[in-house]
Structure formats: C-alpha cells, structure tokens
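Reading through the structure tokens given below for one structure.
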Amino acid sequence: MSRYVLGVSALYHESAAVLLRDGVVVAASSEERFSRQKQDSALPVRASRWCLEQAGISMADVEAVVYYEKPLRKFERILVSQLTGFPSTLPAFQRTALTWLTDKLWVRNALCKELGARPSQLMFSEHHLSHAASAFYCSPFERAAVLTVDGVGEWATTSLWQGDEHGLKPLSEVRFPHSLGLTYSAFTAFLGFRVNNGEYKVMGLASYGEPRHVDKVEKVLQGVDGGGFQNDTRYVAWHKSTVRSYSGAFEQLFGAPRQPGTPLDPRQGEGKHYADIAASVQVVLEERLLALAERLHADTGLDALCMAGGVALNVVANRRLLRDGPFAHLYVQPASGDAGGALGAAQWAWHEVLGQPRVDPGLTPGLGRDWPDDRVRTLLDELNVRFDDVADDRIERAADDIAAGKVIGWFQGRCEWGPRALGHRSILADPSRPDMQDRVNKVIKLREPFRPFAPSVTAEAADTYFDVPPGGEGPAEWMTIIGDTREEHREAMPAITHVDGTARLHRVRREVNPRYHALIEAVGARTGRPVVLNTSFNLKGDPIVSSPVHALSTLQSCEMDAVYLGPCRVARGQLPRGGAS
Amino acid sequence: MSDPTPTPPGRVEDVGMRLGTLGQLLRLFGRGKRPWLLPLVLLLSVLGLVLAGLQAVQYVAPFIYPLL
Amino acid sequence: MRFADIRPGPVLVGVSHIVWRLPGRPATKMAEFAHTELGSGHDMLEACELTPRPEMRPLYFLHALDELRHSRMFRERARALAIERSRTQAVLDDSGYLHSHGIRGSDPLFTELGELDFLAFVWLHEQRGAAQFGIYAGLMDEDPASREMFARIEKDERFHIAYSRKELERLAAQGQASAVSAAVWRIRWRRFKQGWLRFSRLIGDTMAKLWLTVIYVVGITPFALIAKLTEREQGGLVPAEVDDRPAAQRALEQL
Ligand SMILES: [Fe+2]
Ligand SMILES: [Fe+2]
Ligand SMILES: [Fe+2]
C-alpha cells in the first residue's frame, strides 16, 4: 500500500501544499493558483484539498502533515528582537503580538480545523531545513553541499549544510537580524518596488547600472572572516519595524528613495542613479554568496552545490556562483521561495523522520491542476465561446501564429510548480521581431519596459544561441540561471536579450515536455530559430492562470491574439461580448 | 474514495491543543537560553488564551469586553 | 414574494457626499473599488467554473468579464486622478493585488453558498453596488471623465441585477418561491452577521492593542533591559545548534 505525506507552508510568504506518494511528488501547488490572490499566504486550504483529490485519497490516508517551520521558535525570535529594539518597537509589538496571539501561535489548531488533519498527524520541520531538503532531495547528487539563503526563517537567515546518505547535517548559520535576503529586500523597497515581488526588477535594473556605490552598500552589509557577513543595524529597520526595512541613516547614505509607480528610465538621470545602486547591491550580494560558497566548499570538500531560499531565485548570482565559485555542479530548487518549503518539509519527514531511502521525487514542471481535453471543449461550448478544434494540429497552428507575429497563450497540461512559467501556462511570441518586447510589455503584461523576456529554446539548439557556464544546463531547464545570448544572435533576438547581453533562458528537453519541445521546433522550422519568447500566462498583479476561465478572461483583458486551451484555439474575436456593452 | 472534507476538532480538544502549545512555549523558554523571559511569555500566553476564548465566542464578544 | 430593487437611503447618500470631498479621497476610493470589483470578478469566474447548471455558466462568465473590466477602469481612473492631483502612487501601484491575505484561507463563495444563495447574494450585492455607484456618479460635477465611467459601469450593474432577479423569479415561479425568499433572507442575515463580526473584531483588536500597549509601556522595561544586555546580535557564521532530539520526537514539537 502506498504511503502519503503532505507538506504545508503558510502564514509568511507564499503558501503551498505538496503531496508525496512513497516519496514521489504527485501534486504540488501554491494556494495563489486557487485563491487567485497573488502570493497568498493564508493556510493552503484549497491547494491541500486538491492535492488529496488528485491522489484520490482523504486526509485520513495521510501518514503525516508536515508544517514547514517551527512556529514557537519564530515567535521567540520576534519577541526577543522587539525587546532589544525597545522602546522604538511599540508599533511593531502591537501589530505582531496581536497576529501571533490571535492566530499564528495556534497554527496547530488551525491545521486541524482548516485542513482537517488530526493532531497526531502533525509534524513540524524547520524553515531552513525545509529549504535545504527541497534542494538536496530533488537534486541528482548523492552527496552535496547545501546553501540556503533567504530573508529569515526562525532565527537563521543563511544556513550551510552537508547532505549525504545520512541525511542533512547542519554546519553553520548566520542569524537574524543579519540577512542577505532582507538586505536585498530593503533595497527593493528603496528602489520603489514591492518587497517579495520586485526583487526581480532590482536584478533587471542592475544590468543598466555600474556598481559605483559598492563601498556604501558594504557599510550596510559587510563580509566577515570565515565567509559570513553582518549588517550594520544602524542602517536597517527590519528588526524593529514591520513596515520599514531601512532607516534614516540609510537614506542619508543613498539619498532619496524612488517613488513607487513613477516612470523609470534606467539609462539616464535619476533612473541611472537608481540603476547604479541596484548594480552595487547585486555585486555585493554576489561577493557574499561567493564567500559563503568558498566556506561551504572548504568545510565539505564536495564539488556539488544545492541551493534554495528566496535569494536562490537570483539567477544572475547563480551564474556567478557557478562560474567563479568553487563548485563544479549546481542544483537550484525551482520553488526556492517559501512555497518550496512545503515540498522540503514533506521530503524531510519522509526521508529523515520516517526513515525512507532516497528516491527520485519526479519533479517536473507540471505538478499542478490539469484540465482534460473533453472538459475544455464542453466548457467552451457551454460558454458560447467559438473555437477551432486543433487537437491534431495544435503545434502547427500555434507555430504558424507565432511565426506570423502573433502573441498566443499556451495552456497545455498541468499548471507549473514554482514561480516560473515553463511551457504549460505561458504567453509565447516570436523573439526576433523588433517591436515584440514593447508590445508584450505594454499591451499585455503592463510591465516596466526595461525588463526583457525570457527565451525558451530546445536543448539541442541551446548551445548554438546561448552560452551557459558548464554545469548550468540543469538549472537552465528550470530558469534558475542566466546565460549569454551569443554575440552573433543578439541583434536578431532583441526581445529576449538583456542590455548586458544576458538571457534568462529556459532549456527545453523533449523527454520533459514533448509538446512544448515540438512547438519550439515547429517555430524553428518557420523562423529559422528554435527559440520562442516565453512569459508567464497572467496579467500584471495576477498569479499565473490555472483554469481555462482565467485564461479566457485574460485573453479578453489584454491584446493577446489567441489562446491554445488544450485542444482548442480561441481567437480574441471569438469571445462573447460583455454584458450590457 | 472517502470524504476529504475536514472534521473540525471539538471544543475540548481545541483547548487541549492550545494548552499543549503553551506548554511547549514555556518549555522553550524554560529550558532554553532565556529563562528570564518566562514571566513575560506567561503573561502573553494568558492574553493569547483570553483572545482565543473571545474568538471562540466572537458573536457575543463585544458584550464581554466591558467586563474585562 | 417581492423582487423590488433597493434604493439608496439618505444616510448613505449623505455620508458619500462628505467622504468624497476629502482630499485625495477620489483616487483611493477608486483604488478600493478596483479591489472589490476584482474580488467579485474572481467570485464570478469561480461560480462559472463550479456551477452544476450549464445554462448559468455563460451568464456568470459575462458577469465576471464585466467586473474584471470595471476593476481595470477603476484602477486606470485612480492612477489618472493620482497623477492629476499629484498624490503619491504608492497605494495605486498595487491596486492589482488583493490584500486580504488572511490566516484561514477560504473556499470559493459559490461553494460556501450554493447556487440558490449565491444568486440571492448576487442580486442583493449588485443592487448595493449599483446604488453606491449611482451616488458617486451624481457627485462628479467637476469630473466628467469619472462621471462617464460610473455611468457606463452602472449600465453593466443593471444587467447583473436583471439577470439574477430574472433567475430568482424563474425559480420562484417553478414552485420554489419559499426557498427563494428564504435564500434572500439568509443572505441578508449573513450580511448582518458579517457586519457584526467585523465590529466585534474591530473592538477585539482595539482592546487587545490597548492591553498590549499597557504591557509594553508598564511591564516590558525590565525584560527589554535584560535583552539589551544579554542578546548580542552576533553576525557572521556561527556553528549550527546541535539538536540531540531524535528526528521522530523533534518532528512532533513546535520548538
Ligand atoms: Fe524562506
Ligand atoms: Fe461592477
Ligand atoms: Fe456588478
């Protein structure tokens, strides 16, 4: 009989649920894909119920429900840091003590009440242990060094581990309030972007700037002997406040913060200044990660590195680590944010608490909700949406559309695990059209014009067009590393090449996603290049679409040309007109 | 396939779990590096229990506050 | 069974008049509307997906598309107003997000209510929305762009009220009159209950904050002093704490 473990992360950042059957992932989803609230942090009531449905089991069949951190230790950290910050922590104390005393302290009760678990089923992992497990147990390495870096978990903000046949062994850690993740987030806020969401923009902005302010950033965040780092807490506020992440001294150092929502041209004037700051932060972050990697390498003597935690989503730093760091092999958990903690918590429990041997967890891009072809057809019929049934030639038709300069929605198979769209819920276009970046940015995604899009390329052709450091092929399949667009192709693919010549490529193997692979090849047959522009299928501020009705409403809301919903092609003009209008 | 809908724990069990959590909390501070924090944690725990109790009777809670 | 639509009461009209004139209010109010409309758009999409009655699906779908469009209209208007009156856009930049990240997580409204109650909800809720938008449309003397937008939206709201009422009337005529009127009353009662709970929660939070403030001001000083003396915010890498507990025991504890 099969054995099941359910992992749950919630109540801080993005919440998620993951179900393992005999150690293999059968279902995994963030709650946001159900609740439609971007980065929803509420208990993953719907995601976990769906996981059980997907496996055809009930909660009673689950051996353990594993929460991804130790709530009481987190409470301790919050309490202690507010005491040390006395007397300026009153507002923070009022707010956090209230949410903790009314809700977060009682997470055990909530897990039982909301998810239907029995108290005897509950287990509690640790925040960084969950991250570490999600990286190590999903990696192909038998033995590896593991580095987890994020904002903060319980006390640790950075942890060094060794993973081998005995499990995960903690080596050393950096503790709150010293934090790489929170430092990066403080700059994210300073640069006028949303914390926990805009870090990508800082990274994109950095490419336009020059690192002129490294000395200043190093005042905020210094490296110390032994590979670690520390913050000068005079410049930061995250240990004292729930709303501010940097202090007045920080503003004196870097000048006025950028107003959110104002236009930003990173090539000149003020915009350039902010780009220079972003570039400096990026450089300092990379230096600190390199130092941590050196230390980890010295301590373990291993040549493979696994990473997770929000900072591991910094794909620029990941390349630097692989290129300039001591490790020859790299694995990055694609869901490196806290959603991935649900996966790691479950894996930790399976292997280290229940003592089960390592298995291939079967992590594929599509582990979320699925819609059978017939249900899509029936739904469209019932909605009076006209469509072309392209079940047999969807690849040819979609390739024709893309080659003709159309922007299409590609909704095929199960929804993605992790924050990136990997060819299941993607918006696709031809990257060689000069106007394409602008068009997709302005009319469809409403994004900042300075951010380029990512390319999906067949694994066979990846080396022809892109240059990824050795050992980066695996991460490139999950878009957790960047490469360079080769010099001779840069001009031809402006929409997917960043100002510094880099590209956040998505390397697609036939065995992993045959349909998407075939599509890219078919596009190649028409355009001469097996490369498509790939961005997540959603509007600004929305989570990735997970059901056909979301896809249709997205089609109606923006100027996409058509959507390939399973076997059906719906063009923009085929949607029914809205209500009174 | 059996019914996946949750069966909420009963009142007694709910209170029991909360007390269990508090027990762990006190143990964390009692045995850990910060025994001096115990009195404060105890005070906050009591407040937490009161708030949880008021949450359980949220419909009549506004009438209870004046009594506290 | 009456299916008369609600008219806005004088209190609502009066309050709206005052509130609207507060500086910066129009922009933030529009941003708030953008949030609520987005929320109802999602509710309607879920109903569209979940309803067991195929004939309702296209209606819910059109309704959803309307609400999502309204949300975008409000968001754009909020942004335009904020720029015009040079107020900060910090709030507005995020108006695509829903902020109610609770602790609990929740089921779709449709699942919570069921089809009949959901229809009753739509009918009552849309009337309230239309009434409110009607009032605001009347306040836009100096702002023709907003007035026009409200007028267009109100037209859509009429459609939402009309189809839900028609459906309720149809069900009532099919011999479910008492069930329909019970559903309408249940939704009214639910709304009242929710209002009361919000009030209860507000008082509860205020009281709790008061107690916490007292604790902080009166009781916390000695602890803070000890903390300041004993807690070193030591940076750099420190050895990880060794946890002697066997994994099985460690897993069961929250500490
Ligand atoms: Fe984390
Ligand atoms: Fe509306
Ligand atoms: Fe409406």
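Screening A:Val545, A:Val499, A:Val523, A:Val563 for residues that are farther than 19 Å from A:Pro475 by Cα and assigned to a strand (DSSP E or B) leaves exactly one candidate, A:Val563. Residues in segment A:12-40 that are within 16 Å of ligand 1 (Cβ to nearest atom) and surrounded by fewer than 24 Cβ atoms within 10 Å (Cβ to Cβ): 3 in all.
In this structure, C:Leu168 does satisfy being touching a helix residue (DSSP H, G or I) at 6+ places or on another chain (Cβ under 6 Å), farther than 28 Å from C:Arg25 by Cα and either touching a residue at least 12 places away in the same chain (Cβ under 8 Å) or within 16 Å of ligand 2 (Cβ to nearest atom) (or both). Against the conditions (1) within 17 Å of the chain's Cα centre (by Cα); (2) within 14 Å of ligand 1 (Cβ to nearest atom), A:Ser125 satisfies every one except (1).
Per-residue answers, yes or no, for (1) out of contact with any strand residue (DSSP E or B) (no Cβ under 6 Å at 6 or more places or on another chain); (2) more than 22 Å from C:Gly204 (Cβ to Cβ); (3) not assigned by TED's automatic domain parsing to the domain that holds A:Arg21:
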{"site": "A:Arg73", "(1), (2), (3)": "yes, yes, no"}
{"site": "A:Ser88", "(1), (2), (3)": "yes, yes, no"}
{"site": "A:Lys104", "(1), (2), (3)": "yes, no, no"}
{"site": "A:Val107", "(1), (2), (3)": "yes, no, no"}
{"site": "A:Glu126", "(1), (2), (3)": "yes, yes, no"}
{"site": "A:Ala144", "(1), (2), (3)": "no, yes, yes"}
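Looking at A:Thr480, A:Thr458, just one residue is modelled with pLDDT of 95 or more, over 24 Å from A:Ser30 (Cβ atoms) and not acidic (Asp, Glu), and that residue is A:Thr458. I'd like the full set of residues that are more than 9 Å from chain C (Cβ to nearest Cβ) and of a type in the set (A, V, I, L, M), limited to segment A:41-58. Matches in segment A:41-58: A:Leu52, A:Ala55, A:Ile57.
Listed by first and then second residue, the pairs linking a residue in segment C:227-242 that is facing another protein chain (nearest Cβ under 7 Å) to a residue that is in a helix (DSSP H, G or I), with Cβ atoms under 7 Å apart and 6 or more places separating them unless they lie on different chains, are C:Ala227/A:Val80; C:Ala227/A:Leu83; C:Ala227/A:Thr84; C:Lys228/A:Thr84; C:Glu231/A:Val80; C:Glu231/A:Thr84; C:Leu237/A:Arg295. Of the residues making up segment C:127-163, those that are assigned to a helix (DSSP H, G or I) and away from ligand 3 (no atom under 16 Å from the Cβ) are C:Gly138, C:Pro144, C:Ala145, C:Ser146, C:Arg147, C:Glu148. The criterion of at least 3 residues that are more than 14 Å from chain B (Cβ to nearest Cβ) and either free of Cβ contacts under 8 Å to residues at least 60 places away in the same chain or surrounded by fewer than 24 Cβ atoms within 10 Å (Cβ to Cβ) (or both) is met by the following strands (runs of 3 or more DSSP E) wholly inside segment A:110-189: A:156-164, A:167-175.
The set of residues from segment A:300-316 being within 15 Å of the chain's Cα centre (by Cα) and either within 16 Å of ligand 1 (Cβ to nearest atom) or part of a loop (DSSP other than H, G, I, E, B) (or both) comprises A:Met307, A:Ala308, A:Gly309, A:Gly310, A:Val311, A:Ala312, A:Leu313, A:Asn314. Before we move on, is C:Glu55 under 30 Å from A:Thr378 (Cα atoms) and either among the aliphatic types (A, V, I, L, M) or away from ligand 1 (no atom under 16 Å from the Cβ) (or both)? Taking the combined requirement at face value, the residue satisfies it.
State yes or no: is A:Pro71 more than 16 Å from ligand 3 (Cβ to nearest atom) and buried (at least 20 other Cβ atoms within 10 Å of the Cβ)?
So A:Pro71 passes the test.
Of everything in segment A:335-355 that is within 12 Å of ligand 1 (Cβ to nearest atom) and among the aliphatic types (A, V, I, L, M), the residue that is farthest from the other protein chains (Cβ to nearest Cβ) is A:Ala335.
The values are calculated or read from the model by the stated rules, or taken from the named source; none is laboratory data. Predicted model, so just to flag it, every value in this text is computed and none were measured. Neighbour counts are summed over all protein chains in view; Cβ atoms, including those assigned to glycine, are modelled from backbone coordinates with ideal geometry.
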